[in-house]
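Structure, as structure tokens:
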Amino acid sequence: MTSPLLEVSNLHVEFDTYGGTVKAVRGVDFHVDAGKTLAIVGESGCGKSVTVQAMMGLIPMPPGRITQGSARLRGQEILGRSTVDGREVRGAQIGMIFQDPMSSLNPTMSIGDQIAEPLLVHRGYSAAQARARAVELLEMVRIPEAARRAKQYPFEFSGGMLQRAMIAMAISCKPTLLIADEPTTALDVTIQAQILDLLRDLQNETGMALILITHDLGVVARMADEVAVMYAGRIVESGSVEDVFYRSSHPYTVGLKAAMPSNDPQQQHELRPIEGSPPDLFSPPVGCAYAARCPHSMGICQQRPAQLFPVGDAHYARCWLQHPESPHRPAELSLGGHHE
Amino acid sequence: MWQYTLKRIFQGIITIWFIATATFVAMHSVPGDPLSSERATTPAIRANLEERYGLNKPILEQYALYIGSFLKGDFGISFTQRNRQVNDIIREHFPVSATLGILAVTFAALGGVLFGALTALYRNRLPDTIIMFLVILGISVPSFVFAALGQLLLVNINNLLGFSLLPVAGWGTVAHMLIPALVLGMSTMAYVTRLMRSSMLEIIHSDYIRTAKAKGLPAGRIFTRHELRNAILPVVTVLGPAIATITTGGFVVELVFAIPGLGRFFVQAVQQLDYTVIMGTTVFYGAFLVTMVILVDLLYGWIDPRVRVQ
Ligand SMILES: Nc1ncnc2c1ncn2[C@@H]1O[C@H](COP(=O)(O)OP(=O)(O)OP(=O)(O)O)[C@@H](O)[C@H]1O
Ligand SMILES: [Mg+2]
């Protein structure tokens, strides 16, 4: 087995606030293989953005703090290395795009100049070379009349075009990994589909890996190879798309699916939002963070944090129901091999 | 951009006309006239003088004459300094005031932007605390206090050194200008510092600065290319009014440092109701300020592409 492109283990991030310390990320592990797509899903506030921003050195410190963990790119530690190896990594080996393209570009710098910047800084291009390359990159992300558009400013672009420009900027140095933090949430549906198609095509062309953060399980099904489901600062289930969707092994994943509208007429179901709200991250519960909302909660769930149980090949769930001696066997949950 | 410039110039001309009219109306509604301060005028002499200056004509005709001569660029002859053309007074003394004012605005803008950016970068640390304390001083202490203190300080420094490092008063060389300009620009500098600080703090936390960091740009480049240019925009908008405050506030500083500027004549003229000098200097100042505000607007358009295109 080859080692993964990116391996994040035991990541912990906290924020000091007036109300106390927010434990936003509480021990996250995942990995991304070269050229593959990992989707991270979960409710708002569960720590998806903080996880990837920690890797990119984008956590404001203070108030933020990475208290434990590591993130290795091809075996090289990148956490907290913003000035040593970090400069090479950010914007060069790892590119990143964000949720709101309207506010993510500098309003007083031309689009072309903004795309050219990483090339000037990381690749030592001359101004003219970088400018020419910026136009090529705009063509790559399918912006018509790229040469003219490169001279324009963000306010002259639509939201979808700005996100394309962001993508062009993020891939300018041919990164091996692109992180997209809810890249389509701020865009309307048809544009969303175009951006996702573009991302997939670029991935095929360049062979880069993709971390895609989203709330939308439809997007996951369409784009991802692997899925990590996050809840209250931890990953509660991870595995291939098929495993997580069709052999869901954590009650939270089942809850998310039930709350999602389906495009498939054969799978129409009544939408059932998950009752209750995520726990307070100032003082997370001792036991499983989902226990209070979980329909199958048992005594032990309140008392001890759930362990990570293997459910299948490279498919894990952080749930006591997966324990071989668990008294409950909910039918809607796929249980690990050891139950058979 | 051309259309925008022309539009601004047209608006500027309207503004100047408005200033001229308002001054005319204000002056003629104040009781008394320039001749009432004359001693020992017999009715005959007074009638003579009124005839000569056109004060006996109907008010509308006076207004028409007055606008007419402005269009020719002639502000007339002073009432109180009989042999002097208002144009000569302006020509001699305005360059002094303007030099002082422009120097003061430059100090205020550069200093304010620099200190404002520093306080934002060192937010809640020692440099921030010190500078913000000075800013409160700068805003609340009136300029004549700074003028007096500045002069006193100069005297002491010169005494201590045993030679004249910088002249204490007067006009002529760059050395004469430095301290008065600094004093004159002080409160504006304090104001700009505060503005720049809040503008900079907002931008440091904006999404596009996060993008710049995610691109792996070095901190220096992020500061110069992304933060500074955007943070400076609100500062540029207050520069126009700041020029007005500084040029009109120059009188006190001119007085303390014995600088032969226009301010002194202006105040004298108002006290003596010297119609032609008041009108001439007001309209001239007005035109100067309007020009400055237009220049600042064009500068804004140059910095912010969103304005340029509209
Ligand atoms: N700068 C900060 N200061 C204090 N708390 C923060 C900060 N940034 C994030 N947090 C906290 O960390 C937690 C996780 O936030 P994060 O942005 O990662 O959520 P998310 O999963 O990306 O949500 P969303 O789907 O809404 O983007 C939240 O509870 C948030 O309040
Ligand atoms: Mg987020």
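The values are calculated or read from the model by the stated rules, or taken from the named source; none is laboratory data. None of these values were measured; they are calculated from a predicted model. For neighbour counting, all protein chains shown are included, and Cβ atoms are generated from backbone atoms with ideal geometry for every residue, glycine included. With ligands, DNA and RNA removed, areas are computed over all heavy atoms of the protein, side chains included. Shrake-Rupley method; radii C 1.70, N 1.55, O 1.52, S 1.80 Å.
The figure for A:Tyr316 is an accessible area of roughly 90 square angstrom, using a 1.4 Å probe on the protein chains alone.
Local charge sum around A:Arg26 (other residues, Cβ-Cβ under 14 Å, Lys/Arg +1, Asp/Glu -1)?
Once positives and negatives cancel, what remains is +2.
With the simple model of a label 7 Å out from the Cα in the direction of the Cβ, B:Leu60 to A:Glu242 spans 9.6 nm. Note on the range A:224-325: along the principal axes its Cα atoms extend 41, 31, 25 Å, ordered by decreasing extent. Applying 1/(1 + (r/R0)^6) with R0 = 56 Å to the Cβ-Cβ distance of B:His28 and B:Trp2 gives a FRET efficiency near 0.90. Site pair B:Leu160 and A:Gln76 shows an inter-label distance of 5.5 nm when each label is modelled 7 Å from Cα along Cα→Cβ. Kirkwood radius, the protein assembly as shown, all distinct C-alpha pairs, inverse of mean reciprocal distance: 30.3 Å. Among the protein heavy atoms, those of B:Phe144 account for about 120 Å² of accessible surface (1.4 Å probe, every chain in place).
Let me check I've understood the local charge: for A:Val135, count other residues with C-beta under 15 angstrom from its C-beta, Lys and Arg +1, Asp and Glu -1. What total comes out?
With Lys, Arg at +1 and Asp, Glu at -1, the neighbours total +2.
How much FRET efficiency would the formula 1/(1 + (r/R0)^6) give for A:Lys151 and B:Arg221, where r is the Cβ-Cβ distance and R0 is 30 Å, rounded to 0.05?
0.90
Give me the log10 of I(q) over I(0) for the range A:108-174 at q = 0.27, 0.29 Å⁻¹, as the Debye formula computes it from C-alpha points; what are the numbers? Summing over Cα pairs of the range A:108-174 leads to -1.21, -1.37. Taking each of A:Lys48/B:Lys215; B:Lys7/B:Lys215; B:Lys7/B:Lys57; A:Lys36/A:Lys151; A:Lys23/A:Lys257 in turn, the alpha-carbon distance tops 29 angstrom for B:Lys7/B:Lys215; B:Lys7/B:Lys57; A:Lys36/A:Lys151. Of all the options A:Asp100, A:Asp201, A:Asp225, the one that moves most in a Gaussian network model of chain A with Cα springs shorter than 10 angstrom is A:Asp201. Rg/Rh, computed from the Cα trace of the range A:1-157 with Rh as the Kirkwood radius, has the value 1.02.
In the range B:86-309 the Cα-Cα distances spread across 5 Å bins starting at 0 as 1, 7, 12, 15, 16, 15, 12, 9, 6, 4, 2, 1, 0, 0 percent of all pairs. Working note: Cα atoms of the range A:6-98, range along each principal axis, descending, whole Å: 40, 30, 24. Between B:Ala175, B:Ala26, B:Ala147, the Gaussian network model of chain B with springs among Cα atoms under 10 angstrom shows the greatest mean-square fluctuation at B:Ala26.
Sorting the segments A:126-132, A:255-261 by their mean number of nearby beta carbons within 10 angstrom, highest to lowest, gives A:255-261, A:126-132. Solvent-accessible area of A:Cys301, all protein chains in place: 10 Å² (probe radius 1.4 Å, heavy atoms, ligands and nucleic acids excluded). The listed residues B:Trp171, B:Trp17, B:Trp302 rank as B:Trp302, B:Trp17, B:Trp171 when sorted by accessible area, largest first, using a 1.4 Å probe. Expressed as a rounded percentage, what relative contact order does chain B have, with Cα pairs under 8 Å and six or more residues apart? Over chain B, the number comes to 29 percent. Over all distinct Cα-Cα pairs of chain A, the Kirkwood formula returns a hydrodynamic radius of 21.2 Å. At an R0 of 41 angstrom, the distance between the Cβ atoms of A:Thr67 and B:Thr21 translates into a FRET efficiency of 0.05. From a point 7 Å beyond the Cα of A:Arg123 in the direction of its Cβ, which residues of the range A:136-162 have a backbone N at a distance under 13 Å? Only A:136-140 pass the distance filter.
Express the C-alpha Rg of the range B:220-268 as a ratio against the empirical globular expectation 2.2 N^0.38 Å, rounded to two decimals.
In units of the globular-protein estimate, the range B:220-268 measures up at 1.79.
Quick one: go through the range B:285-308 and flag any residue whose amide nitrogen is under 13 Å from the point 7 Å out along the Cα-to-Cβ line of B:Ala98. Residues B:285-292 qualify, since their backbone N sits under 13 Å from the label point. Counting Lys and Arg as +1 and Asp and Glu as -1 over every other residue whose Cβ lies under 12 Å from the Cβ of A:Ile211, the net charge comes to -3. Of B:Glu51, B:Glu202, B:Glu227, which is the most mobile in a GNM of chain B whose springs link Cα atoms less than 10 angstrom apart? Per the Cα network of chain B with a 10 Å cutoff, B:Glu51 tops the list.
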